[in-house]
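Each remark here refers to the structure printed beneath this line.
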Amino acid sequence: MTLIAVGINYNTAPVSIRERLAFPADCLNLSLQQLWQRKEISEAAILSTCNRTEFYCETEANNQEVLIDWIADNRKIKPADFTPYLYSYTDSQLIRHMFRVACGLDSMILGEPQILGQMKTAYQAAYEAGTLGKYLGKLFQHTFTAAKKVRTDTAIGSSPVSVAFAAVQLALQIFDKLSEQTAILIGAGETIELTARHLYQHGIGRIIIANRTFDKAHTLAAQFNGYAIALSELPKHLAEADIIVSSTASTLPILGKGMLESAIKKRKHKPVFMLDLAVPRDIEPEVAQLPDVYLYTVDDLQNTIDQNMNSRRQAAEQAEEIIDTQVEHFLDWLRSQGAQETIKDYRQQAELVRDEMLEKALSQLNNGISAEEALKRLAHTLTNKLIHTPSTQIREAGINERHDLIAAARELFKLQNSQ
């Protein structure tokens with residue numbers, strides 16, 4: 001039995017290759033079953049995200065060519081087009097790799113938490129496809145345990161290291177409950193989308209997306225039960241905003257001091273948290289002079305992010321130590337599986353002897369022997385039967401001067417010196 005993985009990620013392959021090896025959710029079930037049906041593959045799972053695609057398998061031998069051929073056939077891509085970007089792991093290396101991936105130690109953003117959810121999705125997909133078995137199933141469960149321990153015992157996920165996440169964490173410091181707040185997000189690019197996602201996950205009361213292109217605003221707002229407006233409508237809605245985050249490509253400021261003054265008056269001086277993530281800036285710096293306005297720029301967040309990255313790197317060192325221990329625990333479990341068949345056979349043999357002796361004892365009882373005598377005979381005969389084969393083998397070992405077997409027998413049966 002060999003555990004093997006091959007994959008590509010953001011470090012080894014450009015997006016033009018990663019997108020060709022991606023597995024959309026709607027085709028994952030069929031793809032898993034097709035992979036599993038290869039006679040060399042006993043178990044299979046596929047992790048596919050925007051930053052990586054990895055194939056985890058249990059096979060009879062370490063033969064990654066089987067996987068490479070299947071990937072090429074399934075994705076309709078020549079092996080030469082993607083094999084230069086592949087990495088592969090087996091056994092203990094694979095175990096360590098899966099643990100590190102789930103903990104975010106192999107992510108573009110160190111310690112990011114989303115990958116653990118994506119690993120759980122990969123596990124669930126393989127479970128539903130029926131392609132998991134004893135070994136991969138156990139490895140995934142141990143992977144989740146290791147990731148939970150890293151999250152619990154280190155600070156690797158406690159400090160925001162993306163601008164969008166840091167923005168939301170800052171908003172949480174100003175407002176006790178985001179569920180009672182309205183956020184206006186200006187723009188429709190990746191940063192605004194991530195900010196909207198984080199706000200939504202933290203239970204924001206209402207999201208308004210403003211953009212020059214209304215259709216883009218509408219598409220983004222629909223993902224988060226939000227409301228879309230054109231940029232020209234912004235002045236009419238500013239007074240509704242407790243949180244304003246702006247990130248556009250405009251060369252001129254979108255929000256000026258005069259516009260905000262009017263909104264503040266309508267709000268009766270309720271505080272407004274404003275975050276300008278654009279370069280050049282979308283919000284005039286003079287806005288910071290207004291009472292009840294808390295204005296931050298991307299530079300303010302960057303200092304926090306840099307400090308938090310250092311904190312995460314320190315936590316990552318602790319995480320690696322935890323992973324070392326967890327890898328050994330799983331290897332111990334793997335090694336123990338080699339003895340399971342022997343234990344099973346030994347137990348079956350003992351149960352056969354027990355059943356045979358019990359049947360004889362019951363027969364003797366039916367023939368009129370007293371219960372006490374039948375029990376004595378049962379105990380005596382059962383003991384002789386159980387120790388006969390080991391005694392014969394130990395005697396043979398002595399004759400053949402196999403002192404190693406005799407020592408092993410003493411250890412196996414925990415025998416004390418009789419002297």
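In this simple spin-label approximation, residue 37 and residue 1 carry label points 7 Å from Cα along the Cα→Cβ vector, and these lie 2.6 nm apart. Relative to the longest principal axis of the chain, what angle (0 to 90°, nearest 10) does the C-alpha long axis of helix 25-36 take? Around 20 degrees separate the two axes. Compared with the dominant principal axis of the Cα atoms in the chain, helix 190-201 is inclined by about 70°. Computed over every Cα-Cα pair of the stretch 163-305 and binned at 5 Å starting from 0, the pair-distance distribution P(r) comes out as 2, 11, 23, 26, 23, 13, 3 percent. When 282, 299 are arranged by Cβ crowding within 10 Å, least crowded first, meaning fewest neighbours, the order is 299, 282. Mean residue ellipticity at 222 nm, helices only, the chain: -18500 deg cm²/dmol; runs of at least 4 DSSP H residues each add -39,500 (n - 2.57), and the sum is divided by the number of residues. The string of couplings for the stretch 393-403 from the Karplus curve (6.51, -1.76, 1.60, θ = phi - 60°) is 5, 5, 5, 4, 4, x, 4, 8, 6, 8, 5 Hz, one whole number per residue in order, with x for Gly and Pro.
Between the amide H of residue 227 and those of 207, 208, 209, distances stay under 5 Å, these residues lying 5 or more places away or on another chain, with hydrogens modeled in the peptide plane. Each residue, residue 362 and residue 11, gets one label point 7 Å from its Cα in the Cβ direction; the gap between the two is 6.4 nm.
FRET efficiency for the residue 373 to residue 405 pair, using the beta carbon distance and R₀ = 30 Å, is estimated at 0.20. Compute the relative contact order of the stretch 340-412 as a whole-number percentage, counting only Cα pairs closer than 8 Å that sit 6 or more residues apart in sequence. About 24 percent, as a whole number. Computed about its Cα centre, the charge dipole of the stretch 125-252 is approximately 520 debye, with only Lys, Arg, Asp and Glu carrying charge at their Cβ. Which entries of 120/149; 76/134; 120/148; 376/414; 177/266 have Cα-Cα distances beyond 20 Å here? Violating the 20 Å limit, Cα to Cα: 76/134; 376/414; 177/266.
Summary of packing: across the peptides 180-193, 363-376, the per-residue average of other C-beta atoms within 10 Å ranks them, highest first, as 180-193, 363-376. The relative contact order of the chain comes to 12 percent, based on Cα pairs under 8 Å that sit 6 or more residues apart. Between residue 302 and residue 177, the contour length at 0.36 nm per residue exceeds the alpha carbon distance by 42.5 nm.
Using only alpha carbons, the chain has a radius of gyration to Kirkwood radius ratio (Rg to Rh) of 1.21.
Rule-based calculations on the coordinates, nothing more; no lab input. This structure is a prediction, so every number in the text was calculated from the model and none was measured. All Cβ positions, glycine included, derive from the backbone under ideal geometry; neighbour counts span all protein chains shown.
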